[in-house]
Amino acid sequence: MSMRLFKKTAALGILISILAGFSGCWDSKEIDTIQIVTGVGLDKAENDEYVDISIQIAKTSPSAPGTKDSNGNGDSKIILESSKQTILEGVAELNLNNSRSPIFHHNQVLLISADLAKEGITEYLDAFMRDREARLEVLVVIVDGEAKEMLQADFEQEKVSGIFLRRTIRLLSNVTPEYSVRMIDLASRLRDESISPVATLVRLEDNDDKKNLLVEGMAVFDSEGKMIGNIDADEMRGYVWAMGKVEQGRVAVECEYGRAAFQIISMDCKRNVKLNEKGQVNVSFDVDATLNIGELRGFENLTPSELISHLIEETEGEIEDTIKGTFQSMQDLGADIYGVGLDLKRHHPKQWDKLKDRWEDYFSEAELELDVNVRIPGTGQIKKSLEMEDGENES
Amino acid sequence: MRVDKGLITGNQFMFSIICFIQSSSLLTSFLTSVTLQDSWLIVIFGAIFFIPVIFIYREIMLLFPDKNLIQILDEVYGPILGKVFGIIYIWFFLSLTSLNVLDLGDFTKLTIMHETPSVVLMIMCVLVASIAVRHGIGLVTKYSTFFSVTVSCLLIISVLLLLNQIKLENFLPILSLPFKKYVQGTHLITTIPFGELLVFLMIHPSVKLNRKQATKYLFWGFGLGTVSILVVLCQNIAVLGNMLDMFALPTLVTLRLINLGEALSRMEVLFSVILIMLLFFKISVLYYVSVLAVSQMFNTNQLRYLSLAAGALIVCYALTLYPSPVEHAESAKNITPFVWTPIEFLIPLLTLILGKFKKRKQLKEA
């Protein structure tokens, strides 16, 4: 064998042995040694120093689709629990007493019970943001009740409640992005003293033997991360309308002629924050809404042109009242969930510096100016209501 | 005597510069932690301030077209002082290489290989780079075009995928930080990513450039590189907002947030690809330059034998540089810029002035 060929063969041999010996990485985990976490719940423990951690794991064991076992009795998730002073210790304990190690990459939601949230959530978020497996787009959801129960709950549509929650909130966020609060959104608001943090608030509703998920609105936090109140479903509309970017939803009005319901085609809100001469904060919301008539009851005596202008007037009033109501209750709470302070900080940083120490007070005393403009270009598929009289419509 | 007789084309030279600057664009946390949402402005300021420095480099390149930096120092300052400066520059090149090797180890560990000891990653990288170094400048810069084009494409894709998360309001307020921060930021950006272009003073004899070409390649390279930094930074600011300064690798977090429907998400592996490609390129250029400088100093052309020894030194140096990433970040922010300033700006300026006088004198005598 010539020297050259010998060298080549030797090099090839070395390369192949390197390939065999050095492949893979240190932390490779085989699929049969892991369990996929789909939800994490934090609850208040009996001992104040501790926190109850429950982890929901989707079962990976394959069961033939369509068989009774996989749809019916078979539980498709496992709940692991532990109670420790820090999250990491708790997860480590779960890891110890288990044949598989939990993988947090696919965690869908972080559930925090409202009781725990009232004592502050900042300290718990740290572990989830620091861990390199955890993702910042995990949804943070506050549970009115026990987070563990929510993880255990069986829902009709999805067997794994973590996935159910994520999909529900994803659908909601089609209405307006404000509904889905990711870890990074919450953390960003917690860091910023000029805007109050919010997180989706849900509740488990016992309906005979079925469980129902109820999105109650938003939990509102103060700047230290303590939950100080909530926005209920009605106020929620006032909040999302004021934040703009609404692409779905309903507006309903009732007046002396009848009832009407509208679909929101688009609703945008321009904000302007400034200080007036008295040193008071002046907030102006400029709402621009396009609505479609979705449903009409009554309104027999009106001509179409009268009808539209009447409806515009009514809806403008309704939107204005709703937004004002929510704004007022947030002022009472002293929580600037709109980011009025943030606007001030961004556009008038010097004035913000003077106000920031007592921002809650300034926000509570802020003056709200509302200007609502509604357009109703569409009447849906039918032009007249069944109840409308023909004769009057032709004028 | 020239150690490496290889030649590269002007385009390779330009793409090397682009790649070199791009590789810093992913590791911007040292800058964003100082100037927050105004960091993009700082990049523009820094680029403007750096233009005169590029002129200095260009003039040096043109004044000594076939001498590298070590030879230039020898000629301008004489054999003794020249050697002293030479040693300073060798230390500078070696430190830069080690710093980048350290970054590669740390960040690869952080992004994809969590449990792998970083020393393994460093040794692997240096070993591969040493192959390039042994073959000289041609191989070191060969993949610059490929790397920078790939990276630019990936960057464009990532911007498109993030369009739904960009909030332009995150750029406000503009210019509201204390003035000192802007000075610090500008100093940082001119010394750390831009000033490192000094290493191309070691390479320029391998590129035959006339005045027009030198200007063209230097400025296009610098300009395109700066644009990439700007794009990455703006993307990070627009997506992360006030969370920008919390993360060790803001770009990684930004790419992690990509989420289009259920399918298109978790794209951070893109980041790892970009990071490893670019850092590898930067390390091989710096490594090559260090080895070249040493062999020039000792007037030997045994690049092949020097390269492995230098590689071992670089890995050991990298491991002992900083006790922890926190101190690394601190010193990158507060110490390094001041140490680099004379090396990157003052000595070259002095060299240029003295060199001009010397050349004029030689011309008169002749």
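The values are calculated or read from the model by the stated rules, or taken from the named source; none is laboratory data. Just so we're clear, the structure is a prediction, and the values are computed from it rather than from any experiment. Cβ: placed from backbone, ideal geometry, glycine included. Neighbour counts: every protein chain shown. For the accessible areas, the whole protein counts, side chains as well, though only heavy atoms, and no ligand, DNA or RNA atoms are used. Shrake-Rupley method; radii C 1.70, N 1.55, O 1.52, S 1.80 Å.
Things to note:
- Neighbours of A:Glu295 by Cβ distance under 10 Å: Lys/Arg scored +1, Asp/Glu scored -1, total +3.
- The angle between the Cα long axis of helix A:87-96 and the main principal axis of chain A comes to about 40°, on a 0 to 90 degree scale.
- Average projection, convex hull of the Cα set of the protein assembly as shown: 46.6 square nanometres.
- Local electrostatic count, A:Val138, Cβ distance below 10 Å [Lys/Arg +1, Asp/Glu -1]: +2
- DSSP beta bridges in segment A:243-395 [antiparallel fraction, %, rounded to 5]: 70 percent
- Pair-distance profile P(r), taking every C-alpha pair of segment B:10-356, with 20 angstrom steps and integer %: 31, 59, 10, 0
- Taking the Cα centre of chain A as reference, the dipole from Cβ charges on Lys and Arg (+1) and Asp and Glu (-1) amounts to some 3040 debye.
- Partners for A:Lys354 among lysines (Cα-Cα distance below 24 Å; same-chain residues under 8 apart left out): A:Lys274, A:Lys278, A:Lys345, B:Lys180, B:Lys181
- Taking 13 Å as the straight-line reach from the Cα of B:Lys83, the aspartates and glutamates in range (excluding those fewer than 8 positions away in the same chain) are B:Asp74, B:Glu75.
- Ranked from largest to smallest solvent-accessible area, with a 1.4 Å probe on the protein heavy atoms, A:Met243, B:Met202 come out as A:Met243, B:Met202.
- GNM remark for chain B: springs join alpha carbons under 10 Å apart, and the peak mean-square fluctuation among B:Leu175, B:Leu303, B:Leu198 falls on B:Leu175.
- The ellipsoid that matches the Cα gyration tensor of segment A:29-231 has semi-axes, each √(5λ) in whole angstrom, of 27, 21, 16, with the longest given first.
- Normalised by residue number, the volume inside the convex hull of the Cα atoms of segment A:243-395 is 118 Å³ per residue.
- Between helix A:304-333 and chain A: long-axis angle, C-alpha atoms, 0 to 90°, nearest 10: 60 degrees
- Within segment B:269-366: Cβ-based charge dipole about Cα centre, in debye rounded to nearest 20 (Lys, Arg +1; Asp, Glu -1): 700 debye
- Translational D in µm²/s for segment B:174-223 (Stokes-Einstein at 20 °C, 1.002 mPa s, Kirkwood Rh from C-alpha pairs): 163 µm²/s
- Residues considered: B:Ser158, B:Ser331, B:Ser130. Largest GNM mean-square fluctuation over chain B, using C-alpha springs under 10 Å, is found at B:Ser331.
- Expressed in Å, the radius of gyration and Dmax of the Cα atoms of segment B:195-300 are 18.8, 61.
- Among B:Pro337, B:Pro178, B:Pro117, the residue with the largest mean-square fluctuation in a Gaussian network model of chain B, with springs joining Cα atoms closer than 10 Å, is B:Pro178.
- Under 29 Å of direct C-alpha separation, and excluding same-chain neighbours fewer than eight residues apart, A:Lys7 reaches these lysines: B:Lys5, B:Lys142.
- As a calculated quantity, the FRET efficiency between B:Gln302 and B:Leu127 at R0 = 30 Å, using C-beta atoms, amounts to about 0.95.
- For chain A, the longest principal axis of the C-alpha atoms and the axis of helix A:3-21 are separated by about 60°.
- All Cα-Cα separations within chain A were binned at 20 Å from zero, giving a P(r) of 23, 42, 26, 8, 2, 0, each value a whole percent of the pairs.
- If you wrap the tightest convex hull around every Cα atom of segment B:42-192 and split its volume per residue, you get 198 Å³.
- A:Arg191 accessible area, 1.4 Å probe, all protein chains in place, Å² to nearest 10: 100 Å²
- Rounded to the nearest 5, the antiparallel percentage of DSSP beta bridges internal to the protein assembly as shown is 70%.
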